[in-house]
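J.: Sending over a structure as structure tokens; questions will come in a sec.
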């Protein structure tokens, strides 16, 4: 079965009134009947708890670290896009672009670790010292990096590391790619406590 045969609907849950709730419940019925694929991004308002069928549906919870991030971000372009999403726009240039480059390099290294996951990325980000950051950036063609600039990048990476938690062993690893390749019917709920998860549906074409 080709995933293109069934449209993927992404419902970013910002429930304001009964009409929004009616829309969600209609989409859930359509998904249960196999007419569409549905991703419900629950911004921590309890929709996964209320609507998810634990026997059928899949659930990614940012607070429980069970996104199989490398199953959905396995190419260099994916690593760069993930890094841009996580770091966001609040960091001024050139620190933002350099932090993205370093985080993408960390993802490449973390992806080679057995069982690598979000907590592996976090651990490597915390371990990146000024010398390692300078080496990564200069290997990517940057001019000589001052220690002060490398320390700014290091602070950004430490902020990223705080967002990722070790996977709860009671939570199975969930991949958006695997979910999208399976038969329609099961709904994917994403409890998004962090920017990395709010942007996760980007991984589903």
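The values are calculated or read from the model by the stated rules, or taken from the named source; none is laboratory data. Everything numeric here is computed off the predicted structure, so don't read it as measured data. Glycine gets a Cβ as well: all are built from the backbone with ideal geometry, and neighbour counts include every protein chain shown.
J.: If you scan the stretch 11-25, which residues turn out to be surrounded by fewer than 13 Cβ atoms within 10 Å (Cβ to Cβ) and at pLDDT below 70?
T.: Once the filter is applied, which keeps residues that are surrounded by fewer than 13 Cβ atoms within 10 Å (Cβ to Cβ) and at pLDDT below 70, the stretch 11-25 yields 14, 16, 17.
J.: Mind counting the residues in the stretch 190-205 that are over 25 Å from residue 33 (Cα atoms) and modelled with pLDDT of 85 or more?
T.: 0
J.: Can you go through 145, 136, 187 and tell me which one is at pLDDT 90 or above and not assigned by the TED database to the domain that holds residue 43?
T.: Details: 145 fails: at pLDDT 90 or above; 187 fails: not assigned by the TED database to the domain that holds residue 43.
So the residue among 145, 136, 187 that is at pLDDT 90 or above and not assigned by the TED database to the domain that holds residue 43 is 136.
J.: Then there's this: Just wondering, is there one or more residues in the stretch 36-45 that are farther than 18 Å from residue 191 by Cβ and in contact (Cβ under 8 Å) with a residue 24 or more places away in the chain? Quick ask: steps written out before the conclusion?
T.: We begin by selecting, within the stretch 36-45, every residue farther than 18 Å from residue 191 by Cβ; these are 36-37.
Then drop every residue that is not in contact (Cβ under 8 Å) with a residue 24 or more places away in the chain, which leaves 36-37.
Yes.
Residues are listed down the side, and each one gets a yes or a no for (1) farther than 19 Å from residue 160 by Cβ; (2) surrounded by 15 or more Cβ atoms within 10 Å (Cβ to Cβ); (3) under 17 Å from the mean Cα position of the chain (by Cα):
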site: 59; (1), (2), (3): yes, yes, yes
site: 81; (1), (2), (3): no, yes, yes
site: 116; (1), (2), (3): no, yes, yes
site: 119; (1), (2), (3): no, yes, yes
site: 137; (1), (2), (3): no, yes, no
